[in-house]
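Every number here is computed from the coordinates shown, using simple stated rules; none is lab data. The structure presented is a predicted model; accordingly, all values stated were derived computationally and were not measured.
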Amino acid sequence: MENELIKMKYNKLVRDKIPKIINNDGKKAVTHKADKKEYYKKLKEKLKEEVDEFFISDEEEELADILEVIYEICDFKKIDRKKLEKIRLNKKESKGGFNSRVILDRIDK
């Protein structure tokens, strides 16, 4: 029993260097390369995972992880980051940002 192999399943997108880090730690990372459909699905799952982690930790590092996933999604969908920033600024101009801390409680008819 002492030499029993413990296997943990993840089935999640990880950073490119993670398998090597795992292998260097004396474990064996079993991976596969996602096709386009799986990759996009896993990117969206990763975005949710990173947002959830930020909710828990409230750390800058998690915000950086969120941004990294957003950049990967932009690259995958061929969305120029400058174009994304322009869309963000246009939306901020037309609808405002969030810095006024406005909370909508209800809408009365």
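Compute the acute angle (0 to 90°) between the alpha-carbon long axis of helix 60-76 and the principal axis of greatest extent of the alpha-carbon atoms of the chain; round to the nearest 10°.
90
Compute the helix-to-body angle for 36-57: its Cα long axis versus the longest principal axis of the chain, expressed 0 to 90° and rounded to tens.
That works out to roughly 80 degrees.
Report D for region 34-83 in µm² per second (integer): Stokes-Einstein, Kirkwood Rh on Cα pairs, 10 °C, 1.306 mPa s.
Calculated translational D: 140 µm²/s.
In whole Å, what three semi-axes, largest first, describe the equivalent ellipsoid of the chain built from its Cα gyration tensor (square root of 5 times each eigenvalue)?
Numbers: eigenvalues 278, 72, 35 Å².
Over the Cα atoms of the chain, the ellipsoid semi-axes are 37, 19, 13 Å.
For region 93-109, what does the Karplus curve 6.51 cos²θ - 1.76 cosθ + 1.60, with θ = phi - 60°, yield as ³J(HN,Hα) per residue in whole Hz, taken in order and with x for Gly and Pro?
5, 7, 10, x, x, 10, 6, 7, 6, 6, 10, 7, 7, 6, 10, 8, 8
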